[in-house]
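Nothing in this text is a laboratory measurement; each read-out follows from the coordinates by a stated rule. This is a predicted model, so every value here is computed, not measured. Neighbour counts run over all protein chains shown; Cβ positions are idealised from the backbone, glycine included.
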Amino acid sequence: MSVTQVVLNNLPEAYGEATIKDFVEGTLDIDVRGVVTSNALPGKALINFYQEIDFSEASKVLRQTSIEGKVVFVFPATIVPDTVVVNDVDTKFLSEEFLTIYFCAMFGNGEDVVASCKMLHKFSIAIVTFKENCEAMTCILANKDHVPLPSKNYHIVVEPFYKHFHSSLMID
């Protein structure tokens, strides 16, 4: 299977994006487009490659190379349909109810398109799940930057929910 993104788990928590990028490029001998990490997801990284790579081979090579005594687990970066991660949520301005209303009004033509909204106050993140096969998802993800409060010039960043990257956020 060829992929352009993978998720790495079990990384040393002190490793930053530059160190992870150097590790992956050095280990796989391939250029990395970018690395995404999050304070909410210690020990995990979403790796984006410039070109397709053979997932099985990359996984095998990375698993054989330990980092500070840790075995790195490699997963395909699988997007979970109908779910997004909202970053940069300031709970002074936005609540779960407000985000639900925003997405329904702006992308659902007033229809109730949101199945659930879970705010993670500690990390300034919200997980929003839309009703199955929601057409609004395409419009929402077409632009990462959203302005739910134009009067305050307040922006949020909306990204896809990746199964092996974000899944630990769903645990209560």
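Normalised by the residues of the range 1-105, what does the relative contact order come to in percent, with Cα pairs under 8 Å and at least six apart? Result for the range 1-105 is 33 percent.
Under a model in which nothing but the beta-carbon of Lys, Arg (+1) and Asp, Glu (-1) is charged, the range 2-76 shows a dipole of about 260 debye around its Cα centre.
Using only Cα atoms, tell me the angle between helix 17-28 and the longest principal axis of the chain; keep it within 0 to 90° and round to the nearest 10. Compared with the principal axis, the helix lies near 40 degrees. For a test of the definition: using alpha carbon positions, the gyration tensor, and the 1.5 limit on a/c, classify the chain as rounded, prolate or oblate. Prolate, since a/c reaches 1.5 and a/b exceeds b/c.
Helix 96-107 axis versus longest C-alpha principal axis of the chain: approximately 80°, rounded to the nearest ten.
For E96 and A18, a Förster radius of 35 Å and the Cβ-Cβ distance give a FRET efficiency of 0.50, rounded to the nearest 0.05. Rounded to the nearest 10 degrees, what's the angle between the helix 55-64 long axis and the longest principal axis of the chain, both from Cα atoms, 0 to 90? Computed tilt is about 60 degrees.
Comparing K118, K44, K70 in a Gaussian network model of the chain (Cα springs below 10 Å), the most mobile by mean-square fluctuation is K70. Cβ-to-Cβ counts within 10 Å put L28, L149 in ascending order as L149, L28, the fewest first. Helical content of the chain, expressed as a calculated mean residue ellipticity at 222 nm, amounts to -7500 deg cm²/dmol (DSSP H runs of 4 or more residues, -39,500 (n - 2.57) each, divided by residue number, nearest 500).
Summarising the amide proton neighbourhood of I125: residues at separation of 5 or more, or on other chains, whose placed amide H is nearer than 5 Å comprise V89, L120.
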